[in-house]
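Worksheet for the structure shown next.
The values are calculated or read from the model by the stated rules, or taken from the named source; none is laboratory data. Quick caveat, the model's predicted, so the values are computed rather than measured. FYI the Cβ positions are ideal-geometry reconstructions off the backbone, even for glycines, and counts take in every protein chain you see. Heavy atoms of the whole protein, side chains included, go into the accessibility calculation; ligands, DNA and RNA do not. Shrake-Rupley method; radii C 1.70, N 1.55, O 1.52, S 1.80 Å.
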Amino acid sequence: MTGDKRTVFSAVQPSGNLTIGNYLGAIKNFSRFGEEYKTFFCVADLHAITVRQIPAELRKRTYETLALYIACGLSPEKNTIFVQSHVPEHTELAWLLNCYTMFGELSRMTQFKDKSAKHAQNINAGLFTYPALMAADILLYGTDIVPVGLDQKQHLELTRDIAIRFNQTYSDTFTVPEGYISTDTMKIMSLAEPTSKMSKSDENQNAVVYILDTKDDIIRKFKRAVTDSDSVVRYGEDKPGISNLMTIYRAFSGKTLEEIEREFSGRGYGDFKLAVGEAVADGLAPVRDEFARLIADKRYLEDVMKSGAEEAHYYARRMISKVKKKIGFVI
Ligand code: TYM
């Protein structure tokens, strides 16, 4: 809680161009929390360096992620929007929480296992302790609700365990947060391999639709999406490609799965894929336009970052002092 308001926190890594998976699974939901909540949305640049980043790219994507937050409906007046590395308490609390997080717990994280396999030359300690930094992000603000996609559920459960462990060791300090996982869109799949998650770090550009792709690119990518040899638009486990496209179409059109099945009954996949591509491109057009306006105004984005960091810092400082006292530091 922040004052008498329930608190919402979430973050996105500026580690690649953001995808419609990031949009539907997370960012679109951020603006659902109105004025009855205190909301913090951060650009997780500290998390991004667990994988090597090109400095100029990281800097550019940090601005872009912040601009996208606003283009997707967040308002800096109503939400605290900031960059993680601008609030040093994130790293400070991460160290403290490292000492309440078990080696065995971190070893079980599937994201760590996946990323270690993918970056075998760079299995650094940060990649391993990544979830303790994520727990610090969340716990610093007394967060009640964390809107995320399904792939972050395990990290969130670990955050809860760390909070409970700390509270039991000392006394009630951290709020134990809940996930807000939107079941309809919690895992958008790759267009090339519909049994794996759509990921911003995928090397195959045709597998991923970026929020800022042009209309032509979006339509082309959906045309090429992998489906199956059947020609029936139907939702089912045996049809991962079509089911994924239906999920995306449902999210952008507001239609139900039954309505979609009816709309395309007796028509081929070609018509269906075109309709999905158009719905996505048209749905994202206002975001793209607003993004173009914002990204041209660096001064404005810097003002947002600065005041967001000041606001976040105020709350983070209070929590850090409380935590240090409980642990027994002389402060
Ligand atoms: P990141 O940057 O990988 O992804 C940002 C958000 O997008 C969601 N997401 C998806 N949802 C549905 N389908 C997909 N294909 C898909 N791909 C990504 C993610 O679940 C996430 O919500 N560790 C986090 C960033 C983070 C964070 C935090 C999140 C750092 N600190 C504190 C919440 C709270 C991450 O890497 O997200």
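Return, for the Cα atoms of the range 205-292, the radius of gyration and Dmax in Å, separated by a comma.
In order Rg, Dmax, the Cα atoms of the range 205-292 give 12.9, 40 Å.
Write down the Å³ per residue value for the convex hull defined by the alpha carbon atoms of the range 14-145.
Spelled out: Cα convex hull of the range 14-145, divided by residues, is 121 Å³.
Distance check, please: which entries in Lys38/Lys113; Lys113/Lys255; Lys5/Lys60; Lys197/Lys273; Lys118/Lys298 exceed 31 angstrom between their Cα atoms?
The pairs that break the limit, which is 31 Å between Cα atoms, are Lys38/Lys113; Lys113/Lys255; Lys5/Lys60; Lys118/Lys298.
Within the range 159-212, list the chymotrypsin sites (Phe, Trp or Tyr not before Pro) lying in a DSSP loop whose Cβ has at most 11 other Cβ atoms in a 10 Å radius.
For chymotrypsin sites (Phe, Trp or Tyr not before Pro) across the range 159-212 that sit outside H, G, I, E and B with at most 11 neighbouring Cβ atoms in 10 Å, the list is empty.
Leaving ligands and nucleic acids out of the surface, order Ile320, Ile49 by accessible area at 1.4 Å, largest first.
I get Ile49, Ile320, largest accessible area first.
Over the range 218-286, give the accessible area per residue in Å² for a 1.4 Å probe, as an integer.
47 Å²
Aspartates and glutamates near Lys187 by alpha-carbon distance under 17 Å, same-chain residues fewer than 8 away left out - which ones?
Asp114, Asp151, Asp202, Glu237, Asp238
Arrange the residues Thr195, Thr247, Thr110 by how much accessible surface each exposes, largest first, with a 1.4 angstrom probe.
Result, largest first: Thr195, Thr110, Thr247.
What is the angle, in °, between the Cα long axis of helix 240-253 and the longest principal axis of the Cα atoms in the chain? Nearest 10 is fine, range 0 to 90.
80 degrees
Rounding to the nearest 10 and keeping the result within 0 to 90°, find how far the Cα-based axis of helix 55-71 lies from the longest principal axis of the chain.
Its long axis makes an angle of about 80 degrees.
By how many degrees, between 0 and 90 and to the nearest 10, does the Cα long axis of helix 269-295 differ from the longest principal axis of the chain?
40 degrees
For the chain, what is Rg from Cα atoms divided by 2.2 N^0.38 Å, rounded to two decimals?
Rg over 2.2 N^0.38 Å, computed on Cα atoms: 1.03.
Between the DSSP loop rule and a limit of at most 15 other Cβ atoms within 10 Å, which GluC sites (Glu not before Pro) in the range 219-272 are left?
Counting only loop positions with at most 15 other Cβ atoms within 10 Å, the GluC sites (Glu not before Pro) in the range 219-272 are Glu237.
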